[in-house]
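Scroll down for the structure; my scribbles are underneath it.
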């Protein structure tokens with residue numbers, strides 16, 4: 001609860017200080033961006049597994065439907 | 001606290017993804033199948049034309065996963081993981097906004113952050129580069145299309161954050177209502193300029209060279225040597241239905257994230273609000 005600071009003004013009850021909770025906030029953001037990359041982008045314009053297309057083909061329909069550009 | 005918020009956000013995102021997948025499975029898959037059937041029939045027609053013209057025939061690509069896997073499992077895994085990712089990012093945004101965006105109740109803030117996610121990650125970028133079913137999109141432009149799409153996502157998110165900041169700054173001078181309107185107008189103008197500057201997919205150099213003066217990559221009718229239409233262009237109704245369902249699926253995803261997260265946030269944060277020193281519970 002180190003990052004839990006009591007309310008100072010009439011604003012919202014809890015203010016999360018970004019510096020104290022950076023580990024969780026950054027970790028979650030990174031996790032989300034990696035997922036976003038693999039679902040939306042990998043093995044299209046860029047690829048971490050070379051010319052393999054398994055990720056791309058597996059989530060193929062989701063990629064189209066979620067609005068990402070596809071082949 | 002941030003840990004609790006993020007785990008709840010990711011959970012809300014996964015459930016929202018499941019709902020969105022159910023919608024996609026029922027409504028989108030028939031359209032995707034129609035688009036793939038169009039693509040196959042078009043390739044066959046192209047092959048016949050090439051053969052008649054004495055050109056070498058192009059061969060189709062082999063399947064890595066069957067259509068059944070793609071349409072039932074792949075799409076589900078994809079959308080649920082996407083929902084989880086968006087839920088986690090939503091929670092990060094929520095945690096940062098908490099207490100920094102004025103006197104908003106925890107559950108109202110959840111709906112506002114979800115709305116921002118819907119606009120920034122999907123709706124605004126899709127106004128410029130809408131979702132396309134299979135058979136729309138040329139392989140040789142995937143790099144440029146991906147970069148342009150990500151640019152639109154990035155600008156939408158950046159301008160949304162800037163608009164919220166601007167609204168806060170103007171609040172003292174203009175009051176809540178007018179500050180919100182001014183910030184919203186600034187967002188529309190800024191993103192409108194970006195949309196005007198970025199090219200549409202049809203305007204990309206390689207598309208201009210191969211396909212001529214078209215706005216998009218949507219397949220045009222195939223014409224035979226005599227100039228008569230040998231195979232129709234992409235069916236407009238399929239494209240329309242696919243795009244409407246795509247918007248609907250994202251609307252379901254983001255509203256579910258907001259609606260599932262809101263009561264959890266309320267339970268998590270409202271006790272702190274109740275025991276505020278010297279203040280009684282604010283109801284509105």
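Averaged across the residues of B:121-128, what count of C-beta atoms belonging to other chains lies within 10 Å of each residue's C-beta?
Across the residues of B:121-128, the mean count of other-chain Cβ atoms within 10 Å is 1.
From the Cα trace of region B:64-204, what convex hull volume per residue do you get, rounded to a whole Å³?
124 Å³
Going by C-beta contacts inside 10 Å, put A:49, B:234 in order with the fewest on the left.
With the fewest neighbours first, A:49, B:234 line up as A:49, B:234.
May I ask you to order B:244-252, B:84-92 by the average number of other C-beta atoms within 10 Å around their residues, highest value first?
B:84-92, B:244-252
Would you report the distance distribution of C-alpha pairs in region B:173-218 as whole percents per 5 angstrom bin, up to the bin with the largest distance?
5, 20, 15, 11, 11, 10, 8, 7, 7, 4, 2
Among B:257, B:229, B:80, rank each residue by its count of other Cβ atoms within 10 Å, from fewest to most, as a rough exposure measure.
So the ranking, lowest neighbour count to highest, is B:229, B:80, B:257.
Working from the pairwise distances between different alpha carbons, so that the mean of 1/r is found and then inverted, what is region B:140-217's Kirkwood radius in Å?
So the Kirkwood estimate lands at 14.3 Å.
With Rg and the Kirkwood Rh both taken from Cα atoms, where does Rg over Rh land for the protein assembly as shown?
1.05
Just to be sure I follow: if Rg is taken over the C-alpha atoms of region B:3-91 and Rh is the Kirkwood radius over the same atoms, what is Rg/Rh?
Over the Cα atoms of region B:3-91, Rg/Rh equals 1.25.
Gaussian network model of chain B, Cα springs within a sub-10 Å range: biggest mean-square fluctuation belongs to which of B:177, B:254, B:165?
B:177
Given the Cα atoms of region B:126-284, and with Rh set as the inverse mean 1/r over their pairs in the Kirkwood sense, what is Rg to Rh to two decimals?
Over the Cα atoms of region B:126-284, Rg/Rh equals 1.15.
How well do other chains shield peptide A:21-30, expressed as the mean number of their Cβ atoms within 10 Å of each residue Cβ?
6
In a GNM of chain B with a 10 Å cut-off on Cα contacts, which of B:255, B:156, B:37 has the highest mean-square fluctuation?
B:37
Across peptide B:4-11, how many C-beta atoms of other chains are within 10 Å of each residue C-beta, on average?
So the per-residue partner count for this stretch is 3.
So how long is each side of chain B along the principal axes, counting just the alpha-carbon atoms, biggest first, in Å?
Principal extents (Cα only, largest first): 87, 41, 27 Å.
Between B:63, B:140, B:43, find the one with the highest GNM mean-square fluctuation for chain B; connect C-alpha pairs within less than 10 Å.
Comparing B:63, B:140, B:43 in the GNM, the peak value goes to B:63.
Any read-out appearing in this document is the output of simple, stated calculations on the displayed coordinates, not a laboratory observation. These figures come from a predicted structure and were not determined experimentally. Positions of Cβ are backbone-derived with ideal geometry, glycine not excepted, and every protein chain shown enters the neighbour counts.
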